[in-house]
Amino acid sequence: MGGLHQKPDKELPSDLKSYLDSSQNGVIYISFGTNVDPSLLPPEIIQTLVNAFSKLPYDILWKWNKDELPGRTSNIRISKWLPQSDLLKHPKIKLFITQGGLQSTDEAITAGVPLIGMPMLGDQWFNVERYEYHKIGIRIDMKILTAEKLIKAINTVIGDDSYRRNTELDPYPQLLYTWVDCTKNLTKNYQQI
C-alpha cells in the first residue's frame with residue numbers, strides 16, 4: 001500500500017510556506033535529485049529550462065546547488081535544499097519536474113502530484129516510462145529538449161486533471177493505520193486486565 005513507509009508530515013519552514021501560500025497560479029517544483037548537480041548540466045539545457053519557465057504563469061521552485069542561476073527570471077526561486085516530501089504535499093504544488101528517481105517518484109505519488117520526468121541515469125528511464133504507462137506524467141528527453149516542448153508538456157499535465165487523479169492513492173493506508181492503532185490499544189488494555 002503506497003505511502004505507508006513515508007515519514008510523518010512535518011510543517012514547512014515559515015518562509016517556504018509563505019512563498020507557497022502566496023502563489024497566485026500555483027508552483028512548479030523542479031529537482032533532479034541528489035545524484036545530479038543541475039548547475040553541471042550543459043548551459044544550453046539550463047537556458048532552455050529558464051527560457052521555458054520564464055514564459056509560464058506559474059511560480060517555479062528549483063532545487064539548485066549554486067547561489068546564482070544564469071538568466072533567472074522573477075518567477076523562479078532557487079534553493080540548495082528543500083524538504084521535498086513535505087513540500088510536495090502543499091496544495092499549491094501543481095507539478096513536479098524530476099529526473100525520475102524512485103524516491104522522488106514515490107514521494108510525488110504519495111502527495112498526489114503529477115510528474116514530468118527527464119531521466120538521466122540508471123533506473124530513471126524505466127521509472128519515467130511508468131509515468132506514461134500509468135498516465136501520471138510525461139517523459140521528456142533532454143537531448144531533444146526545446147522550450148516549446150517543455151511548455152507543451154507542462155500545459156498538458158497541468159491542464160488535464162486526469163494526471164493528478166491518476167496519482168491519487170486509495171484510502172486504505174488510513175484505514176490500516178486506524179486498525180493498527182486499535183489493535184495496539186486493545187493489546188495494551190488486555191495486558192492491564
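The values are calculated or read from the model by the stated rules, or taken from the named source; none is laboratory data. Just so it is clear, the model here is predicted, and its values are computed rather than measured. For neighbour counting, all protein chains shown are included, and Cβ atoms are generated from backbone atoms with ideal geometry for every residue, glycine included.
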inquiry  = Against the definition (modelled with pLDDT of 95 or more, part of a helix (DSSP H, G or I), over 18 Å from Phe32 (Cβ atoms) and of a type in the set (S, T, N, Q)), how does Thr156 come out, yes or no?
reply    = yes
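Kindly indicate whether Leu115 is surrounded by 15 or more Cβ atoms within 10 Å (Cβ to Cβ), touching a Gly at 6+ places or on another chain (Cβ under 8 Å) and not hydroxyl-bearing (Ser, Thr, Tyr). Steps first, please.
Numbers: surrounded by 15 or more Cβ atoms within 10 Å (Cβ to Cβ): yes; touching a Gly at 6+ places or on another chain (Cβ under 8 Å): yes; not hydroxyl-bearing (Ser, Thr, Tyr): yes.
Here the answer is yes, as Leu115 does meet what is asked.
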ask   = What do you reckon, is Asn166 farther than 22 Å from Phe53 by Cα, in contact with a His (Cβ under 9 Å, 6 or more places away or on another chain) and not basic (Lys, Arg)?
value = yes
Residues located in region 52-88, provided they are within 22 Å of Leu102 (Cβ to Cβ) and of a type in the set (A, V, I, L, M) = Leu61, Leu82, Leu87, Leu88
task = Any chance you could count how many residues in region 47-89 are more than 19 Å from the chain's Cα centre (by Cα) and either among the charged types (D, E, K, R) or assigned to a helix (DSSP H, G or I) (or both)?
result = 9
task = Consider Leu40 carefully, then state whether it is within 22 Å of Ile144 (Cβ to Cβ) and out of contact with any Pro (no Cβ under 6 Å at 6 or more places or on another chain).
result = yes
query = Residues of region 128-149 being part of a helix (DSSP H, G or I) and either charged (D, E, K, R) or buried (at least 22 other Cβ atoms within 10 Å of the Cβ) (or both), which ones?
reply = Val128, Glu129, Arg130, Tyr131, Glu132, Lys143, Glu148, Lys149
Pairs where the first residue, in region 62-87, is among the polar types (S, T, N, Q) and the second is part of a loop (DSSP other than H, G, I, E, B) and surrounded by 15 or more Cβ atoms within 10 Å (Cβ to Cβ), C-beta under 6 Å, 6+ apart = none
ask   = Can you name every residue in region 19-43 that is modelled with pLDDT of 95 or more and farther than 14 Å from Leu82 by Cβ?
value = Asp21, Ser22, Ser23, Gln24, Asn25, Gly26
ask   = Does Glu44 satisfy being in a loop (DSSP other than H, G, I, E, B), out of contact with any Cys (no Cβ under 9 Å at 6 or more places or on another chain) and either charged (D, E, K, R) or surrounded by 18 or more Cβ atoms within 10 Å (Cβ to Cβ) (or both)?
value = no
ask   = Of all residues in region 15-32, which are assigned to a loop (DSSP other than H, G, I, E, B) and not aromatic (Phe, Trp, Tyr)?
value = Ser22, Ser23, Gln24, Asn25, Gly26
